[in-house]
């Protein structure tokens with residue numbers, strides 16, 4: 001009974017906590033709400049008229065939504081890079097970062113699910129996918145696998161931080177016997193969600209651009225570069241806007257992860273480019289379209305030729321210790337790396353898969369404004385969710401939120 | 001051929017032992033009882049190439065004759081062969097529908113109708129997957145859809161839920177030498193299958209290719225508006241190939257699309273969630289999506305419908321060629337075959353050794369597209 005009362009009190013306290021804050025905080029939240037509202041309005045138009053209001057058509061049947069979904073699965077999976085050293089290897093450096101990382105994973109997963117729902121032709125019959133009531137094509141369909149792993153990962157990433165925060169809220173230590181097995185599971189699961197999402201594309205013999213054994217590993221490498229890069233940026237922002245202390249050492253360690261992942265990602269990119277362009281076959285046409293355009297159709301050129309130089313520049317800069325340890329350079333690198341991978345793993349991956357079509361037809365894809373606003377709305381929703389989660393967990397970790405005003409534990413202040 | 005195949009292979013039943021061919025009443029499988037002696041040795045098919053052409057010719061003239069004496073709606077409904085049980089079932093269903101219609105048309109309060117509409121919509125929204133329905137449930141949803149149409153449009157439609165027959169496997173062959181690119185098949189298909197007129201959805205694409213350059217799909221034009229046959233070109237049609245190992249079926253997360261017993265790959269439009277994964281998985285550009293609400297002018301609606309075939313679709317679901325299931329399962333050729341003025345399109349039962357399609361497969365040099373993908377299409381191309 002005591003536990004239930006404590007939980008109710010925590011929910012009430014955190015609701016109060018997230019609705020109060022500085023002026024900057026309020027402006028930030030209002031800004032996100034406005035974007036979300038515009039996104040919702042655009043989504044209502046889409047619901048009303050159908051997906052014809054997007055730039056997608058029978059030739060290019062997946063676009064901006066699925067691109068963002070694919071990329072965000074990677075961001076969600078990247079939280080594992082922080083979980084592993086903290087909980088499993090007991091590296092205390094990451095302790096503060098890990099709650100932020102898991103909050104980021106939750107927000108990314110919420111966005112993933114929202115993007116999938118936005119892409120559906122019939123959101124009102126989505127219950128067909130719920131095992132038990134609906135029919136689930138398991139294990140044949142990779143999309144069915146993806147639904148399971150994404151929801152499972154969401155569950156894990158909500159429960160672990162919730163348990164830890166709840167214990168801290170009550171002024172008790174979180175028992176490692178309970179959360180460490182969960183953390184180990186989430187480590188394996190994170191690799192799983194990204195691999196399964198890659199298999200979603202990799203398994204299609206109809207699309208040679210995706211039907212490529214390197215797709216899965218490359219997904220992982222790029223995710224472990226882009227995800228922690230975003231975490232570094234978020235930690236930098238938190239350091240600036242709250243009293244939450246994040247040590248330089250923590251950021252440097254995450255930067256190391258970003259660097260290694262970005263280097264591996266670059267090696268794989270070279271391997272992919274070599275295969276496509278050294279002995280080009282019929283199956284290299286999508287890559288040709290992406291990098292050089294086909295028959296005068298060049299819509300993706302500006303994107304990919306932004307992404308590749310940014311990717312290389314960031315990787316090279318990060319490789320030098322001196323540059324990486326300069327935080328201004330580090331933040332800059334993380335930002336451009338994030339943008340580069342967003343382009344490459346989103347647009348640059350999904351759209352060329354459909355171009356040229358099964359019979360060689362080249363029909364280009366340009367997202368419409370409605371599509372772009374819905375996308376922005378979902379990103380705003382992600383940021384909104386993350387801000388609330390981060391604010392609450394920071395509040396609890398700093399001891400501002402306490403059940404019956406119990407004192408802060410010594411281990412937390414250390 | 002070993003028993004364990006490393007990949008999927010289309011089974012036309014050619015390698016199966018015919019129960020009456022190998023064994024005889026005496027129970028022996030190898031000769032010796034004497035009863036085999038009288039059987040004439042099997043020498044493949046009895047028809048020659050000339051007879052084949054004549055048959056195609058005849059089919060064409062027959063079609064035009066049918067075209068002249070087209071059955072009207074009344075005959076379409078009543079000239080259907082059926083056994084006693086299904087006759088009773090249909091009678092009961094139509095009596096119910098009829099009684100409902102009379103009731104509503106005589107009712108003073110329009111509230112009844114609205115209530116019924118709401119009830120039908122509710123039941124339709126929460127019905128199960130057609131593939132897993134019992135016969136009764138299938139009939140019930142068909143009746144609901146017919147009634148719902150009646151309530152909305154004040155028009156009657158005929159919808160069937162005919163299942164696949166035994167010993168039938170549909171196949172299709174396309175004669176590249178004959179096709180002249182008239183696209184009559186395309187317009188017949190659009191009309192027959194109630195496709196969206198606004199987006200000009202078409203299941204069939206006719207690719208116009210240059211002579212002497214082979215099959216270069218990427219250089220072909222599949223959206224031409226000039227006079228055909230164009231000098232120095234040949235034509236090739238594509239549509240859903242009804243693969244025996246369809247990748248689209250594998251990937252569907254909710255089993256809204258499946259391969260029927262007679263080889264047709266069909267979609268339950270009401271179960272589809274519109275994720276378009278099947279579209280990405282199809283190597284043949286065989287699937288179409290309803291990007292907005294499909295519109296067919298009331299007077300152009302084909303009212304002879306099948307649940308899995310040409311019934312009216314809604315926004316946000318997949319659809320595709322079903323080899324005109326509403327026609328093929330009642331013994332007719334698909335609309336494209338019937339409409340083709342050149343006889344380039346051959347359709348039939350692959351398991352019937354005397355069918356035209358089997359003759360083509362056994363006597364012509366046939367090929368299929370992208371065979372290396374292991375999809376085993378049931379759509380062959382050949383030349384004279």
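Values in this text are rule-based calculations from the coordinates and carry no lab data. All of these numbers come straight from a predicted model, not from anything done at the bench. Virtual Cβ from ideal backbone geometry, glycine too; neighbours counted across all protein chains shown.
What to note about this one:
- Using the Cβ-Cβ distance between residue A:20 and residue A:327 with R0 set to 35 Å, the FRET efficiency from 1/(1 + (r/R0)^6) comes to roughly 0.70.
- To the nearest ten degrees, helix A:95-119 and the longest principal axis of the Cα atoms of chain A are 40 degrees apart.
- At R0 = 45 Å, FRET efficiency that the Cβ-Cβ distance of residue A:305 and residue A:124 yields, to 0.05: 0.65
- Förster-model FRET efficiency, 25 Å R0, residue A:155 and residue A:12, C-beta, rounded to 0.05: 0.60
- Pairwise label distance in nanometres, residue B:132 with residue A:45, each label 7 Å out on the Cα-Cβ vector: 3.9 nm
- Angle between chain A longest axis and helix A:248-278 axis [Cα atoms, degrees, rounded to 10]: 10 degrees
- Extent along principal axes [Cα atoms of segment A:186-277; Å; largest to smallest]: 53, 27, 20
- Whole-Å distance, taken between Cα centres, linking segment A:203-250 and segment B:316-348: 50 Å
- With helices as the sole contributors, chain A gives -23500 deg cm²/dmol at 222 nm; each DSSP H run of n ≥ 4 counts as -39500 (n - 2.57), and the sum is divided by every residue.
- Within the protein assembly as shown, percent of DSSP bridges classed antiparallel, to nearest 5: 75 percent
- Between helix A:369-397 and chain A: long-axis angle, C-alpha atoms, 0 to 90°, nearest 10: 20 degrees
- Once both labels are positioned 7 Å from their Cα atoms along Cα-to-Cβ, the gap between residue B:187 and residue A:239 label points is 7.1 nm.
- With viscosity 1.567 mPa s and temperature 4 °C, the Kirkwood radius over alpha carbon pairs of segment A:25-403 converts through Stokes-Einstein to a diffusion coefficient of 60 µm²/s.
- Ratio of Rg to Rh over segment B:165-382 (Cα coordinates, Kirkwood Rh, two decimals): 0.94
- Convex hull volume of segment B:122-183 per residue (C-alpha atoms, cubic angstrom): 177 Å³
- The radius of gyration of the Cα set in the protein assembly as shown, together with its Dmax, comes out at 31.2, 103 angstrom.
- The mean sequence distance of close C-alpha pairs (under 8 Å, at least 6 residues apart), as a share of the length of chain A, puts its relative contact order at 30 percent.
- Going from the residue with the fewest nearby Cβ atoms within 10 Å to the one with the most, A:40, A:111 rank A:40, A:111.
- Label-point gap, in nm, between residue A:298 and residue A:281 - each point 7 angstrom along Cα→Cβ: 2.9 nm
- If you run the Gaussian network model on chain A, springs between alpha carbon atoms under 10 Å, then out of A:334, A:42, A:112 the most flexible one is A:42.
- Inter-part distance, segment B:150-172 to segment A:35-60, computed on C-alpha centroids, equals 33 Å.
- Extension gain for the segment residue B:9 to residue B:226, taken as residue separation times 0.36 nm less the Cα-Cα distance, is 74.1 nm to one decimal.
- Computed with the Debye formula from one identical point scatterer per Cα of segment A:313-414, without solvent, the log10 of I(q)/I(0) at q = 0.10, 0.21, 0.25 Å⁻¹ comes to -0.60, -1.08, -1.18.
- For the pair segment A:304-374 / segment A:119-151, the C-alpha centres are spaced 29 Å from each other.
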